[in-house]
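A.B. asks: Below is one structure. I have some questions about it.
The values are calculated or read from the model by the stated rules, or taken from the named source; none is laboratory data. Not measured: the values here are computed from a predicted model. Methodologically, a virtual Cβ is constructed for each residue, glycine included, from the backbone with ideal geometry; neighbour enumeration extends over all protein chains shown.
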Amino acid sequence: MSTLGVGIIGSGGIALANHLPGFALCPDTRVVALCDSNPDVLARASQQTGIAATHADWHELIARDDVHAVVVATPNFLHGPITLAAAKAGKHVLCEKPIAMTFTEAVRMAEACDAAGVRHMTAFTYRFVPAMRYMTHLVKRGDLGQPYHFRAQRFQDWGDRNLGWRQVKKLAGSGELGDMLAHRIDYGHFLVGPVAKLVSDQQRFLDTRAGGSASDLDDWVAILARYATGATGVLESTKLATGRGEGHYGQDLAEVNGPDGSLAFTTQKPLELRVGRKGAKDLETVAVPKEFLVYPGSPRDPGQGDPVATFRYDQDYEFVAAIRENRPCVPSLWDGARVQAVMDAAIASAAEGRWVDVPLVG
């Protein structure tokens, strides 16, 4: 197709903040239709974007001839059904994380997209942080030696406010684990490889949130992991770190230690990396080199906009580029399935109080 038509299913904050600006960067690409089951959300998105074609039923959007690719940004329980229907209709899929309610469902989604010959992507947005891309380059180049340790923290202060479907098990599957720690699990996969086994604890401190909203999912989660390489991992995430802020402002740290050095970054400072060298008394701050400021090929100007937000647009560029070049997206739904395998193991571990093996994916 000369113009790639995109339909967005789930027209809330993520769609407007990340995907609309991202697709606007892509040549010969146009968001042609929006879908949301909430009429107020849909009307607001249509008004803000100027996109007149709207649907309350995602089946109708997928059936459109001018839609060649879809973004799935709905509550988690719909990710599987929408992705499977889109693949069957020959539509490319960019799915928000976590991609599924279970590992089995995640594998089925990836297999269906492969069988249909459509491109598929998991929205692991933080892979596109310049500091993360540079950090990965240095790890893969061997600057640290074989990594000893990986750790990640995502601490936010959401207080007791109503989180809607995100704290309802039948709609989300997991709470803080899937909402925030999923990204950090992917960090570890990206940097040091697959998790072989883990032990996890999860807690819910607020059974009822503001306005009487019931919560039946975790609002704190921690994982102690052993990677297939022998590296150790410690990952923790919470929405109840009072005073830490939320969104772009909540603490988001990742660090890797090896025999030859250490690397650390935070998404709050996406254009710099902390580097530790043998014999040093502390990590030093270095600027991310120019070639890592923008994803390869993206027309985004790194000097424009808030760098805490603008790196997110590059994931939509990668999705479109993979479609145009008829190659796998990075990251794909298989990467989402690998994270789902860890999540399922973490849920089982917390419930049963034991170490759990994680199945190898691909």
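A.B. asks: Would you tally the residues in segment 115-154 being surrounded by 19 or more Cβ atoms within 10 Å (Cβ to Cβ) and more than 30 Å from D301 (Cα to Cα)?
C.D. replies: 4
The rows are residues; the columns are (1) over 30 Å from T136 (Cα atoms); (2) assigned to a helix (DSSP H, G or I).
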site: R161; (1), (2): yes, no
site: K170; (1), (2): yes, yes
site: S174; (1), (2): no, no
site: L177; (1), (2): no, yes
site: A182; (1), (2): no, yes
site: D186; (1), (2): no, yes
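A.B. asks: Six or more apart or on different chains, Cβ atoms under 6 Å: show the pairs whose first residue is in segment 1-23 and more than 16 Å from D40 (Cβ to Cβ) and assigned by TED's automatic domain parsing to the domain that holds V41 and whose second is of a type in the set (D, E, K, R) and part of a helix (DSSP H, G or I).
C.D. replies: Short answer, once both residue conditions are applied: H19/D316; G22/D316; F23/D316.
A.B. asks: Return the residues of segment 115-138 that are assigned to a loop (DSSP other than H, G, I, E, B) and of a type in the set (A, V, I, L, M); say none if nothing qualifies.
C.D. replies: Passing the criteria: V118, A123, V129.
A.B. asks: Being of a type in the set (S, T, Y), outside any helix (DSSP H, G or I) and in contact with a strand residue (DSSP E or B) (Cβ under 6 Å, 6 or more places away or on another chain) is the filter; apply it to segment 19-57 and report the residue that is nearest to Y126 (Cα to Cα).
C.D. replies: First pass over segment 19-57, keeping only residues of a type in the set (S, T, Y): 29, 37, 46, 49, 54.
Right, trim to outside any helix (DSSP H, G or I) and you get 29, 37, 54.
Narrowing further to those that are in contact with a strand residue (DSSP E or B) (Cβ under 6 Å, 6 or more places away or on another chain): 29, 54.
Numbers: T29: 23, T54: 29 Å.
Across segment 19-57, the extreme among qualifying residues is T29.
A.B. asks: Which of the residues spanning segment 58-114 are within 19 Å of the chain's Cα centre (by Cα), farther than 12 Å from G7 by Cα and assigned to a loop (DSSP other than H, G, I, E, B)?
C.D. replies: T74, P75, E96, K97, P98, I99, A100, M101, T102
A.B. asks: Inspect segment 229-250 for any residue being farther than 30 Å from I347 by Cα and either in contact with a strand residue (DSSP E or B) (Cβ under 9 Å, 6 or more places away or on another chain) or not charged (D, E, K, R) (or both) and give the result as yes or no.
C.D. replies: Initial filter on segment 229-250 (farther than 30 Å from I347 by Cα): none.
No, that holds for no residue.
A.B. asks: Scanning for something in contact (Cβ under 8 Å) with a residue 40 or more places away in the chain, in the same structural domain as M121 (by TED's automatic domain parsing) and of a type in the set (A, V, I, L, M), does segment 40-50 turn up at least one residue? Spell out how you get there, then give the answer.
C.D. replies: Taking segment 40-50 as the starting set, the residues that turn out to be in contact (Cβ under 8 Å) with a residue 40 or more places away in the chain are none.
No, there is no match, as no residue in segment 40-50 is in contact (Cβ under 8 Å) with a residue 40 or more places away in the chain, in the same structural domain as M121 (by TED's automatic domain parsing) and of a type in the set (A, V, I, L, M).
A.B. asks: If you take the residues of segment 325-353 that are assigned to a loop (DSSP other than H, G, I, E, B), over 19 Å from the mean Cα position of the chain (by Cα) and outside the structural domain of Q203 (by TED's automatic domain parsing), which of them is farthest from M132 (Cα to Cα)? Talk me through it step by step, then tell me what you get.
C.D. replies: Step one: list which residues in segment 325-353 are assigned to a loop (DSSP other than H, G, I, E, B), which gives 326-332, 353.
Next, from what is left, pick out any that are over 19 Å from the mean Cα position of the chain (by Cα): 326-327, 353.
Pick out the ones that are also outside the structural domain of Q203 (by TED's automatic domain parsing) and you get 326-327.
Numbers: N326: 26, R327: 23 Å.
So, considering only residues that are assigned to a loop (DSSP other than H, G, I, E, B), over 19 Å from the mean Cα position of the chain (by Cα) and outside the structural domain of Q203 (by TED's automatic domain parsing), the one farthest from M132 (Cα to Cα) is N326.
Okay, residues lined up against (1) over 30 Å from S174 (Cβ atoms); (2) touching a residue at least 24 places away in the same chain (Cβ under 8 Å); (3) in contact with a Cys (Cβ under 6 Å, 6 or more places away or on another chain); (4) polar (S, T, N, Q):
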| residue | (1), (2), (3), (4) |
| --- | --- |
| S298 | yes, yes, no, yes |
| Q304 | yes, no, no, yes |
| V308 | no, yes, no, no |
| G336 | no, yes, no, no |
| V342 | no, yes, no, no |
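A.B. asks: Now for a separate question. Being touching a residue at least 60 places away in the same chain (Cβ under 8 Å), out of contact with any Leu (no Cβ under 8 Å at 6 or more places or on another chain) and more than 15 Å from A337 (Cα to Cα): is that true of V107 here? Spell out how you get there, then give the answer.
C.D. replies: Details: touching a residue at least 60 places away in the same chain (Cβ under 8 Å): yes; out of contact with any Leu (no Cβ under 8 Å at 6 or more places or on another chain): yes; more than 15 Å from A337 (Cα to Cα): no.
The answer is no for V107.
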